[in-house]
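Values quoted throughout were computed directly from the atomic coordinates according to the rules given, and no laboratory measurement underlies them. Predicted model only: the values in this text are computed from it and were never measured. When we count neighbours, we look across all protein chains shown, and the Cβ atoms used for this are built from the backbone with ideal geometry, even at glycine.
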Amino acid sequence: MALLKKPLLHRLMLLAAFLFGATVQADSEPAQLRQLMQLAEYIGADYAEAVTAGEVTDSGEYQEMLEFGQLIVTNALPNSPAFANQANALLSAIKNKATLAAVQNMTNALRGELLALAPQSSIPTLLLPKAEVAALFQSSCGGCHGMWGQGDGTLAASLEPAPTDFTDRHRALNRSVLGLYDAINNGIDGTAMPAFDTMTEQQRWSLSFYVGSLGFDSLAHTDNHNTDLQQRVNYSPNQLFELLSLQQPGKLDQLRAYVENLSEAQPNPLVFTSQQLRKALTLYQSGHYNKAQTLSVSAYLDGFELVENALDIKDSELRKSIETQLMALRRLINNKADSKVVENAVNEAVAQLAQAQKLLSGSSLSSEALFTASFVILLREGLEALLVIIALITVLRRTGRLDALKYVHFGWVSALLAGFATWYAAQYLITISGASREVMEGVAALLAAIVLFYVGFWMHSKTHANQWQRYIEQNIHANLKLGTLWGIWGLAFIAVYREVFETVLFYQSLLSQAKSTDISAVASGFIAALAGLGFITWFMTRYSVKLPIKRFFALTTYILLALSFVLLGKAIGALQEADLLSLTPFPYDIEMSWIGVYSTWQNVVAQSVVLLLSARLLLGFKQGRLRKNQA
């Protein structure tokens, strides 16, 4: 890899590539923002080579600074007057040969404005082991940059300009990991630096963090106090030094030290929630309402939701209060309320989050609380899926289609595997936002609710033994073919998959609240819940088969209709949390999340419709049979 500074001979090629990209991707605001960030970062990093003490020391570099500054002005964001003013001020400073400090302050301000508008980068939380990424660097990049990144590779002498020396601390202080990643990911037009698009996302990010660490003390112990992963990626060390008000320059070495497990750099969920709310307020006050709404959704789903179970055990009223406040804040932002009203709402939410943080950090959860939470999480999440699976298995057994049972078992087993694979990918390979997670869960729950509602009424129509026997003879054996069997697999898969990812996420959050000596309490709760689910499985499969056909189908109908009621409520709640459905508060607090009941009009109306339809259709069946018997 040859991560080079732009040579003067290829400047026109680079400018043309940028302009062409800006034209082609005019409708892609994120791409434009990343390009502008790259230009601002290059100016901040290379200006020292162009101007010293008010004099031009390298005319080629200086001309490049002017051209990059003009590009930023030309491509200024039309909906951000503040950015346009900053861009013009930067170009004027370059023309006037301002000091390095002044120019870097301006480029940092520009990048800060752009970072506030750009979506967060998808960063894996687990990088390659340092020895492995060092070997990758030497095999892919060592020919140009040298085995240790000092710009002295065997090909360096033939390259103009010379490859970057990553150990040059002055330049490293002004390069962000994000900027390095963009260079590795996209290459640099007009130079020997190619796009490494054949590498995996994890490899590219690992190289970015690795080369970003070469200019710093490799023996520094990491100390990520008061910072988060996005800050470490988005900002240069000099920016971090100011942003975090660090007192010791050595802290920069700690922030840039190579850390394989990037989750260590993440703040706890409540701190993250407060940070997202503050960022959302800043964006809202600048008129970026959509961005503010996105961050307010992230504050809940990527932060607070992860500690809801633990906080509920400590203080359920505080948990409800914070949840209500966060939802109210989202409505204020969505309705473009007065800026001062939104600020007050953010301040109130942050104060409540601080109260929750104090409550949770004061002491770890007790062994009894950990056991209870662990037991309830698995039993609650697993029961819904279990009831669907048992109903499917029992129906197939009652019809004599034991050969079809393998499709049910394949469905729930593959769902377990897929759920854990999704969680693993979200933890170590890619970033699945809280909003995406809720959409996945919401859509799955909605599909399952519709199918269960239909199946429930279909089963109710067969509660008479003679009707069921006739149906079996005429339809089951003839129509339960491959397509239908795969449909059974799909229902089993959906019913289980939507629960697995969320369950693992909740357990991960619960374990973060436990001392190492209390892990056994979590494990005991998990095992007890498994035992409870096992008993329910045994009881229902044993006695449902012995029930008379009428009672069996009546009981199964009520269970499936109840599940459709619960899943519909949870689907609406999840889609509201993902900001895909509007949210209107219900005047009374009727929340019972364990059965999918939430205090919103949308939830109440939808579940009321299910209840009314169920009552009407069940009553219709009963009246129809009475008329038939009388006839």
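Brief remarks follow.
- Remark: for residue pairs K291/K314; K251/K358; K130/K358; K95/K251; K251/K336; K279/K320, the C-alpha separation exceeds 31 Å in K291/K314; K130/K358; K95/K251; K251/K336.
- Sequence-ordered 3J(HN,Hα) estimates for the stretch 309-325 from the Karplus curve with 6.51, -1.76 and 1.60 and θ = phi - 60° stand at 4, 5, 5, 4, 5, 6, 7, 5, 5, 5, 4, 5, 5, 5, 4, 5, 5 Hz, glycine and proline given as x.
- Proxy reagent accessibility, fewest Cβ within 10 Å first, across D182, D403, D168: D403, D168, D182
- Using the Karplus relation 6.51 cos²θ - 1.76 cosθ + 1.60 with θ = phi - 60°, the per-residue 3J(HN,Hα) values for the stretch 582-593 come to 5, 9, 10, x, 7, x, 10, 7, 10, 4, 9, 4 Hz, with x marking Gly and Pro.
- Cβ-Cβ FRET estimate between E591 and S158, R0 fixed at 60 Å, reported to 0.05: 0.30
- Per-residue Cβ neighbour rank within 10 angstrom, fewest leading, H409, H288, H145: H409, H288, H145
- Residues with amide H under 5 Å from that of V51, placed H, sequence gap 5 or more: T57
- Near the amide H of Y598, within less than 5 Å, lie the amide hydrogens of M592, all on another chain or at least 5 residues away, with H placed in the peptide plane.
- Exposure proxy order (Cβ contacts within 10 Å, fewest to most) of D589, D518: D589, D518
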